[in-house]
Structure formats: structure tokens, C-alpha cells
Amino acid sequence: MDAGFGEAMIALLPNLRRYALSLTRRGDQADDLVQQTVERAIANVASFDRAQRLEPWLFRIMRNAFIDQTRRQRREGTKIDIHEIPEALPTDPGPGLEARLMLQSVEAAMAELPPDQREILHLVCVEEMSYAETARILDIPMGTVMSRLSRARLALSERLGIR
């Protein structure tokens, strides 16, 4: 692994964590998923095509690791951390309160979407992936990306009362 590859991967860590949070919805699990992704990327650096962008390759590794993790958890059963407590909504009446409430509304509405629609929305709208990159990450045709994204946007707007 060369220094350029390592620096590029480090620069993408915030994006990887955001995507991991969208998949796991828990900070501790997201951190574990990011670490697992980086470990797999380093172990398989020889298979990376330097003519391609690094970000979609890493996202694909993360998605596959998440799928592996989900399958493993199904076999093991549900685990509950009794020390975990929900985070309280900030009560600061400052100017950012309305934005935080809207963001929470959007997050809640996205959480209600089917996983395939939620994942497409996150990759295209939050991570700003192109349709082609999203299709490669999810291993689906680009037309499927566009139709799922359209359905996801409509469903999200209905849930938010925008339509």
C-alpha cells in the first residue's frame, strides 16, 4: 500500500462513517463497520483498479461487510445493550433548532422507507454518488437505481407532507 492510497482512504473516513451510520443506525456499530471496511480495503488493495474512484470501491466493500454482518447477526439472534439510553432532543431555542427538527423529521421519514430505497437515497443524495457509481456499489442496473430513487423521493416527500 502506498502513501497516496492511505491518504485518500483517510480523507474518505467521514464519508464512510456517514454511510455506515445510514446502514447500521448505531454509532458503535458504524465505527466497527468502518474499521472492518478499512481492514478489508488494505488487505485487498491489489485488487483496486487505480483508474476508478476509490470512494465507490470502499462503499462496495462496506456494503458487503454490512451484509455479512447482518447475516451473522440473524444466526446469532438479537443482542440488547442494557446500558444504552436514547439521546435527548436538544432544547436549545437557538436558530439551529428548526433545522435540527427538520433533519430529524427527514431522518425519521427515511427510516420508514424500505431498505433498498433508503440506501439509494443515502448514496445519491447524501454521499453525492452518481447513478453509475451507485449501480456499481449495489450491483444493480442503472435504470433500477433511477426508478428506486424516484420512488424513494416520492415516498419521502409524502411522509414529510411536502406533496
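The numbers here are math on the coordinates, done by the rules we state, and not lab data. All values reported here derive from a predicted model rather than from experimental measurement. Glycine gets a Cβ as well: all are built from the backbone with ideal geometry, and neighbour counts include every protein chain shown.
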Those residues of region 131-159 which are over 30 Å from F48 (Cβ atoms) and basic (K, R) amount to R151, R153, R159
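Sort out for me the helices (runs of 4 or more DSSP H) sitting completely within region 1-83 that have 2 or more residues that are among the basic types (K, R).
Numbers: elements: 3-11, 13-24, 27-43, 54-76.
The helices (runs of 4 or more DSSP H) meeting that bar are 13-24, 54-76.
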